[in-house]
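Please treat every number below as a calculation from the coordinates, not as lab data. For clarity, every value in this text was computed on a predicted model and none was experimentally measured. Here the Cβ positions follow ideal geometry from the backbone for every residue, glycine too, while neighbour counts run over all protein chains shown.
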Amino acid sequence: MTTITWLLILHALVGVALLGAITHQAVSLLRRRVVHTGSFLDRYRSVNHRTFTAAVIALYVTQVILGAVIYPAYRLNVRIPFEEMALGWAIGIFELKEHFAGIGLSVLPFYAYTWSGDPAAAPSRDRLAICLILAVIVWLDFLVGHILNNIRGLA
Amino acid sequence: MKRPWFASGPFLIVFSCAYSVAFAMNWPLFIYYPLHGNFFWGARMRTGLGPAMVWYGLMASAALAALVAAVLIPESVVQRVLKGYLWVFPLGAMLVCLYLLRHLLFA
């Protein structure tokens, strides 16, 4: 296997971890009931927000760096065949993925700022919305990456 | 108290706006040609170098503008005017990207 293949696998694994962390935090923000029933969802929403925020930032930055390293291989070995196969929609959703990933990267400092206050306080509109925007970006990018890799992988 | 040198609110606003404009107007700071690993400043496309990549350059353009804003504009100014509505900017930038890619996505 080539280095790019290993990096793509690592990219996918970091993506899974990031997906888990941001979904965990988003569900926790959306479901802030204090009644503890011991159900799976109640346990799922119990997160340490400071730890999760740091983990999401570290994973997101790692993920974008990995994506940026792999990107030239995609441009040369995957996008050109997509163009030859007239798969304009596949090129389009990849472009959407890259632009959203970039915008998500720019959100991270403010995301950290929204969690710098008291995490136990009621979620502000910015805190909730920014977390949900990040969650949407991470989910979309993960699914798009998976679909495109199914059409044509890098190796 | 000394204010932090970096303000995340202004960074978010200016990055979102600058990225949308840079993408719409095709203003990358540089273009990368991965076939031979060439970098060129500006948005002018070169021929004979293989496929071009503008994403790194678009990110650099927007980040540069946003960094200047983050250093010059205090967080308190943005929070006083736009508290609770800063999320509109990245969402707007995402919608601009979706609109600009409509010819590929909905062809």
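General remarks:
- Cβ-derived FRET efficiency at R0 35 Å, A:S39 paired with A:I65, nearest 0.05: 0.40
- Inter-label distance, A:I147 to A:R31: 2.7 nm, where each label sits 7 Å from its Cα along the C-beta direction.
- Of the residues A:P109, A:V61, A:A135, the one whose Cα sits farthest toward the positive end of the charge dipole of the range A:58-146, with +1 on the Cβ of Lys and Arg and -1 on the Cβ of Asp and Glu, is A:P109.
- Cα-based Kirkwood hydrodynamic radius, the range A:71-155, one decimal, Å: 14.6 Å
- Net charge dipole, chain A: roughly 500 debye, given to the nearest 20, about the Cα centre with Cβ charges of +1 for Lys and Arg and -1 for Asp and Glu.
- One chain, two ends: A:I80 and A:V16. Fully extended at 0.36 nm per residue, the span grows by 20.3 nm beyond their Cα-Cα distance.
- Modelled FRET efficiency - R0 25 Å, B:I73 with B:V21, Cβ distances, 0.05 increments: 0.90
- Counted by neighbouring Cβ atoms within 10 Å, the residues B:K83, B:K2 run from fewest to most as B:K2, B:K83.
- 10 Å Cβ shell holding at most 12 others, DSSP loop, trypsin sites (Lys or Arg not before Pro): longest site-free stretch of chain A: A:34-155
- By the Cα gyration tensor, chain B has an equivalent ellipsoid whose semi-axes, rounded to whole angstrom, run 31, 19, 8 from largest to smallest.
- Calculated from backbone phi, Karplus (6.51, -1.76, 1.60) coupling profile of the range B:24-41 in Hz, x at Gly/Pro: 5, 8, 6, 10, x, 5, 8, 10, 10, 10, x, 4, 10, x, 8, 10, 9, 5
- Paired Rg and Dmax values of chain A, which use every Cα atom, in angstrom: 17.5, 57
- Rounded to whole Hz, the Karplus (6.51, -1.76, 1.60) HN-Hα couplings of the range B:67-81, x for glycine and proline: 5, 4, 5, 5, 7, 8, 9, x, 4, 4, 5, 5, 5, 5, 8
- Fewest neighbouring Cβ atoms within 10 Å first, the residues A:W6, B:W27 line up as A:W6, B:W27.
- When +1 charges are put on Lys and Arg Cβ atoms and -1 charges on Asp and Glu Cβ atoms, the dipole computed for the protein assembly as shown relative to its Cα centre reaches about 560 debye.
- Ranking of B:L58, B:L91, A:L30 by count of other Cβ atoms within 10 Å, fewest first: A:L30, B:L91, B:L58
- Surface/4 of the Cα convex hull for the protein assembly as shown, nm²: 16.2 nm²
- Principal-axis tilt of helix B:88-100 within chain B, Cα atoms, nearest 10 degrees: 20 degrees
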